[in-house]
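*Asks:* Quick one: structure below, then a few questions.
What follows is calculated from the coordinates using simple rules that are stated; it is not laboratory data. Keep in mind that what you see is a predicted model, and the values were worked out from it rather than measured. Quick reminder, even Gly has a Cβ in these numbers, built from the backbone with ideal geometry, and neighbours come from all protein chains shown.
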Amino acid sequence: MEPVTEREIRASFVNCTKGEAKRLSVPGDLSERPWDELDFLGWRDPASPQRAYLVAASGDGLVGVALRLASPHAGQPRRTMCSLCLTTHPGGGVALMTARKAGREGQQGNSVGAYLCADLACSLYLRGKKDAGPGSRLHESLTVAELADRTAVKLNSFLARVTG
């Protein structure tokens, strides 16, 4: 992913108002991010742990999506898998994140959801830059580029459900 500015990030959001985009928490370390290893920019709001944000490059520029994390289930912790990068995590390492749909459908309360790495660090997990623990990555014969391509296809599918 190419480096992006705070202004570009705020302008990219498709499922919230301009006022909401102006008020959301943008990471302060944009200049320090490993942009060449990121397929998308994702972060959790430090002031509101149930909010997360995802910004990805698209054919039309950047697409930003505001997400809400579902309340964690009570019960015995188990390993769950991210639907984007296919990394498994113990306990709360994967969360159901929902995004209000863009446009009229979102105004009517419609949303879409996906199980994603709770820290939105999918790019780093699939490149081996971050570890979710033993057995967190499936043994696959795909190259890192092929893993990144598969993740991009899954991400674009999710974004199309939000914007479409």
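*Asks:* Between VAL55, VAL94, VAL144, which gets the highest mean-square fluctuation from a Gaussian network model of the chain, Cα cutoff 10 Å?
*Replies:* Result: VAL144 has the largest fluctuation of those listed.
*Asks:* Using only DSSP helix segments of four residues or longer, with each worth -39500 (n - 2.57), what per-residue ellipticity at 222 nm results for the chain after dividing by its residue count and rounding to 500?
*Replies:* Mean residue ellipticity at 222 nm (helix-derived): -7500 deg cm²/dmol.
*Asks:* In which sequence would CYS122, CYS85, CYS16 go, from the one with the fewest C-beta neighbours within 10 Å to the one with the most? Let's see the in-between values first.
*Replies:* Values: CYS122 27, CYS85 24, CYS16 19.
The fewest-first ordering by Cβ neighbours comes to CYS16, CYS85, CYS122.
*Asks:* Which residues' amide hydrogens lie under 5 Å from the amide hydrogen of ARG51, considering only partners 5 or more residues apart or on another chain, with H built in the peptide plane?
*Replies:* ASP45, LEU69
*Asks:* With contacts defined as alpha carbon pairs under 8 Å and 6 or more residues apart, what's the relative contact order of the range 1-84 in percent?
*Replies:* The normalised contact order for the range 1-84 reaches 29 percent.
*Asks:* Further question: Report Rg (one decimal) and Dmax (nearest whole number) for the range 6-163, counting Cα atoms only, units Å.
*Replies:* Computed over the Cα atoms of the range 6-163, radius of gyration and Dmax are 15.4, 46 Å.
*Asks:* Aspartates and glutamates within cross-link reach of LYS130: Cα-Cα under 14 Å, excluding same-chain residues under 8 positions apart?
*Replies:* Answer for LYS130, where 14 Å is the Cα cut-off: GLU37, ASP119, listed by chain and number.
*Asks:* Please determine, in degrees from 0 to 90 and to the nearest 10, the orientation of helix 144-163 with respect to the longest principal axis defined by the Cα atoms of the chain, where the helix direction is its Cα long axis.
*Replies:* Tilt of helix 144-163: around 30 degrees.
*Asks:* Under 11 Å from the Cβ of PRO90, count the other residues' Cβ atoms, weight Lys and Arg +1, Asp and Glu -1, and hand me the total. Don't jump to the answer; show the numbers that get you there.
*Replies:* On the way: positive: ARG78, ARG79; negative: none.
Around PRO90, the surrounding residues sum to +2.
*Asks:* Right, next: Between ALA152, ALA70, ALA118, which gets the highest mean-square fluctuation from a Gaussian network model of the chain, Cα cutoff 10 Å?
*Replies:* ALA70
*Asks:* Working out 0.36 nm times the residue gap between ASP149 and ASP36, then minus their Cα-Cα distance, what length gain in nm do you get to one decimal?
*Replies:* 39.3 nm
*Asks:* Another question, if that's okay. Hey, which lysines would be in cross-link range of LYS129, C-alpha to C-alpha under 22 Å, not counting anything within fewer than 8 residues on its own chain?
*Replies:* Once the sequence-local lysines are set aside, what remains near LYS129 is LYS154.
*Asks:* Pull up all non-local amide H partners of LYS101: gap of 5 or more, or a different chain, and H-to-H distance under 5 Å with H placed in the peptide plane.
*Replies:* The answer is GLY106, ASN110, SER111, VAL112.
*Asks:* Still on this structure: Give the cross-link partners of LYS18 among the lysines, using a straight C-alpha distance below 18 Å as the criterion and excluding same-chain residues fewer than 8 apart.
*Replies:* Of all the lysines, those that pass the test against LYS18 - Cα under 18 Å, at least 8 places apart if same chain - are LYS101.
*Asks:* How high is the FRET efficiency from ASP60 to GLU140, r the C-beta distance, R0 45 Å, rounded to 0.05?
*Replies:* Numbers: r = 31 Å, r/R0 = 0.69.
The value I calculate is 0.90.
*Asks:* Right, here's the next one. Could you compute the net charge surrounding ASP131? Neighbours are other residues with a C-beta less than 15 Å from the C-beta of ASP131; K and R count +1, D and E count -1.
*Replies:* +3
*Asks:* Let me ask something additional. Mind checking which of GLY113, GLY28, GLY64 has the largest fluctuation in a GNM of the chain, springs on alpha carbons under 10 Å?
*Replies:* The residue with the greatest mean-square fluctuation here is GLY28.
*Asks:* Quote the relative contact order of the chain in percent (integer), defining contacts as alpha-carbon pairs under 8 Å separated by 6+ residues.
*Replies:* Over the chain, the number comes to 21 percent.
*Asks:* Using DSSP to call loops (not H, G, I, E or B), can you name the trypsin sites (Lys or Arg not before Pro) in the range 69-143 whose Cβ has at most 13 other Cβ atoms within 10 angstrom?
*Replies:* Loop-located and lightly packed - ARG78, LYS129.
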